[in-house]
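These notes concern the structure reproduced below.
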Amino acid sequence: MKEVTGYELRVTGYGLRGVFSAQRHRGHREPQRTTEKTNLSRILLLLIFPLFIWSCSSSNIQENLISVSIVPEKYFVEQIAGDDFEVNIIIPPGASHSNYDPSPSNMAAMGRSVAYLRMGSIGFEQSLIDKIAELNPNLKIYDLSEGVHLVASPEVLEDVQCQENNHHHHHGSYDQHIWMSARKAKIIAKNICNAVSGLKPERSSFYQDNLTAFLQKMDTLDAVTQRKLADLSVHAFVIFHPALTYYAEDYGLEQIPLEVDGKEPSVAWMQKVVAEIQNKNVRLIFTQGEYSQAAAVAVSETTGVELQAINPLSEAWETEFERITDIISEKMK
């Protein structure tokens, strides 16, 4: 097993900083946008936001248009409402829900929407939801996380990261990746059913029938997943962005994140992850296309553990859920 020591990554010959730099020059995304850049873009968005909302008066509201935060919500909405509504997705495919700033055109479409179905408190929802409500009083806002028991954000190896970065960590924050759980998806679907039934009461029976069918589908998916993961010999996996918190909780698995609290992993953090991999015989490192691959590649090359790309933000939610299960079932037996 090769080692990560100091700032030298022996497997590549680069220092860890060199690895990130090399990946960037090859066209990879920046691992983490700076706080200053993110804050500036949000300030600019807030400055121009009222102009778009002002242009979208109540007379321009489209009764069949609803807005959602992330791509998987479109899948859930269509499972319940069929094609009764056009869905405006605020965070487009390929963008990270952690640090994406909505475009003015997306926000203008929200201003024309009859309702906004927020996932809970992800990314921009936390910083902009009050302003959205203030500037768009005709918009009905529904929280799809209502009724979900939230767990604390992943804190694996957290003390090392916090001490090295010398920053304040919000230990009271909660993980918002509720959509990556078949069990939590049932609550999301019930909240969607309540929302669309309120928007179109004359279609409530149709929505309720679809909800019943969807709940049965999720029960089946959950049962099949439990069977597939029943005889694993390894119960831990590494993932760059901790999107499988509730999936892991449902099936007795341990998720070891490389990124915690949205921070690029430090050398000390990566050393601890390598130690966890050795101690727990980890066989999988999951990566996601919305984030830099550099840290995951470095740990993979150091430990020999296989990389697997997944897409928790896929519109084909059920297919991707099953694919993730099959990968875990195959690699962690």
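The values are calculated or read from the model by the stated rules, or taken from the named source; none is laboratory data. This one's a predicted model, so the numbers in the text were calculated from it and none came from an experiment. Because the Cβ atoms are built from the backbone with ideal geometry, glycine has one as well, and the counts that use them run over all protein chains shown.
Can you report the number of residues in segment 307-333 which are assigned to a helix (DSSP H, G or I) and farther than 17 Å from Val71 by Cα?
10
I'm told Tyr247 meets every condition in (1) more than 20 Å from Asn311 (Cβ to Cβ); (2) buried (at least 21 other Cβ atoms within 10 Å of the Cβ); (3) touching a residue at least 60 places away in the same chain (Cβ under 8 Å) except one. Can you identify the failing condition by its number?
Result: Tyr247 fails condition (1) only.
Given the conditions (1) without any contact (Cβ under 8 Å) to a residue 24 or more places away in the chain; (2) surrounded by 18 or more Cβ atoms within 10 Å (Cβ to Cβ); (3) small (Gly, Ala, Ser), report the number of the one that Ala230 does not fulfil.
Single failed check for Ala230: (2).
Restricting the search to segment 257-269, which residues are in contact with a Leu (Cβ under 8 Å, 6 or more places away or on another chain) and either crowded, with 20+ Cβ neighbours inside 10 Å or among the charged types (D, E, K, R) (or both)? Can you show your working first?
Step one: filter segment 257-269 for residues in contact with a Leu (Cβ under 8 Å, 6 or more places away or on another chain), giving 260, 265, 267, 269.
Within segment 257-269, Val260, Pro265, Trp269 meet the criteria.
Which residues, counting only those in segment 200-248, are of a type in the set (Gly, Ala, Ser) and closer than 26 Å to Gly289 by Cα? Steps first, answer last, please.
At the first step, the residues of segment 200-248 found to be of a type in the set (Gly, Ala, Ser) are 204-205, 213, 223, 230, 233, 236, 243, 248.
Hits for segment 200-248 are Ala236, Ala243, Ala248.
Does any residue of segment 270-287 turn out to be under 19 Å from Trp179 (Cα atoms) and assigned by TED's automatic domain parsing to the domain that holds Phe321? Walk me through how you get there before you give the answer.
If we filter segment 270-287 for residues that are under 19 Å from Trp179 (Cα atoms), which is where we start, we get 286-287.
This time we only want the ones that are assigned by TED's automatic domain parsing to the domain that holds Phe321, so: 286-287.
Yes, the conditions are met somewhere in segment 270-287.
With surrounded by fewer than 20 Cβ atoms within 10 Å (Cβ to Cβ), closer than 24 Å to Glu73 by Cα and either free of Cβ contacts under 8 Å to residues at least 24 places away in the same chain or not β-branched (Val, Ile, Thr) (or both) as the only criterion, which of Glu301, Glu320 stands out?
Glu320
How many residues are part of a helix (DSSP H, G or I), modelled with pLDDT of 90 or more and touching a strand residue (DSSP E or B) at 6+ places or on another chain (Cβ under 6 Å) when one looks only at segment 74-111?
Looking only at segment 74-111, we keep the residues that are part of a helix (DSSP H, G or I), and these are 74-81, 104-111.
Remaining after also requiring modelled with pLDDT of 90 or more: 74-81.
From what is left, the residues that are touching a strand residue (DSSP E or B) at 6+ places or on another chain (Cβ under 6 Å) are 74, 77.
Qualifying residue count, segment 74-111: 2.
Confirm whether Lys131 is surrounded by 13 or more Cβ atoms within 10 Å (Cβ to Cβ) and modelled with pLDDT under 95. Give the derivation first.
Working: surrounded by 13 or more Cβ atoms within 10 Å (Cβ to Cβ): yes; modelled with pLDDT under 95: yes.
Criteria met by Lys131.
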